[in-house]
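Written out below as structure tokens is the structure these notes cover.
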Amino acid sequence: MKRLIETRIVNPLLQKYGIPAYKTPGSAGMDLVACIEEAVVIAGGKNKLIGTGLAVNIQDPGLVAVVASRSGLCLNNQIRVGQGLGIIDADYHGEIGVILHNDGLDDYVVQPGERIAQLLFMPVVQVALKLVAEFTTMTDRGAGGFGHTGRH
């Protein structure tokens, strides 16, 4: 059963470009579009904030919306979500904006209505941090990290 998420159009252009929807029954994310009137240039190595024309009211603190890169846009044009993942908290009601970063050397032109990112909804677990001098359990790995187990 699908959860219903209240959604508002905050930029009327979104009606022209289309409300985000799952493209296939197995899709995890919905495509977000550049809700802009005219093309926007992102210079090589630079960021731009692009509005999506969409706001959501998640209402459930056990749920978060995540803005993720589109794999084809990243592979073919070196354009990705600038901070890795964008987090839309359950209590945020403003327009969803996407920070796009151009990892390439050449300018990239974002076209009006272009699919620029994906929106996923995921569960959240909030925790309380308990300060301790030592952990109560030990593991074989311990504090080893950053490739300590080798490459093969």
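The values are calculated or read from the model by the stated rules, or taken from the named source; none is laboratory data. This is a predicted model, so every value here is computed, not measured. All Cβ positions, glycine included, derive from the backbone under ideal geometry; neighbour counts span all protein chains shown. SASA here: full protein model, heavy atoms, side chains in, ligands and nucleic acids out. Shrake-Rupley method; radii C 1.70, N 1.55, O 1.52, S 1.80 Å.
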Discussion item. Taking the criterion of being within 21 Å of PRO12 (Cα to Cα) and surrounded by fewer than 17 Cβ atoms within 10 Å (Cβ to Cβ), would at least one residue in region 46-53 satisfy it?
Written reply: yes
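Restricting attention to region 75-115, which residues are of a type in the set (Gly, Ala, Ser) and more than 26 Å from GLU6 (Cβ to Cβ)?
The first filter runs over region 75-115 and keeps only residues of a type in the set (Gly, Ala, Ser), leaving 82, 84, 86, 90, 94, 97, 104, 113.
Once the filter is applied, which keeps residues that are of a type in the set (Gly, Ala, Ser) and more than 26 Å from GLU6 (Cβ to Cβ), region 75-115 yields GLY82, GLY84, GLY104.
Given ALA21, ALA39, ALA34, which one is open to solvent by 40 Å² or more (accessible area, probe 1.4 Å), closer than 15 Å to LEU119 by Cβ and hydrophobic (A, V, I, L, M, F, W, C)? I'd like the intermediate steps shown before the answer.
Details: ALA39 fails: closer than 15 Å to LEU119 by Cβ; ALA34 fails: open to solvent by 40 Å² or more (accessible area, probe 1.4 Å).
Every option except ALA21 fails the conditions.
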Worksheet item: Quick one: which of GLY62, GLY72, GLY82 is under 20 Å from GLY29 (Cα atoms) and crowded, with 16+ Cβ neighbours inside 10 Å?
Response: GLY82
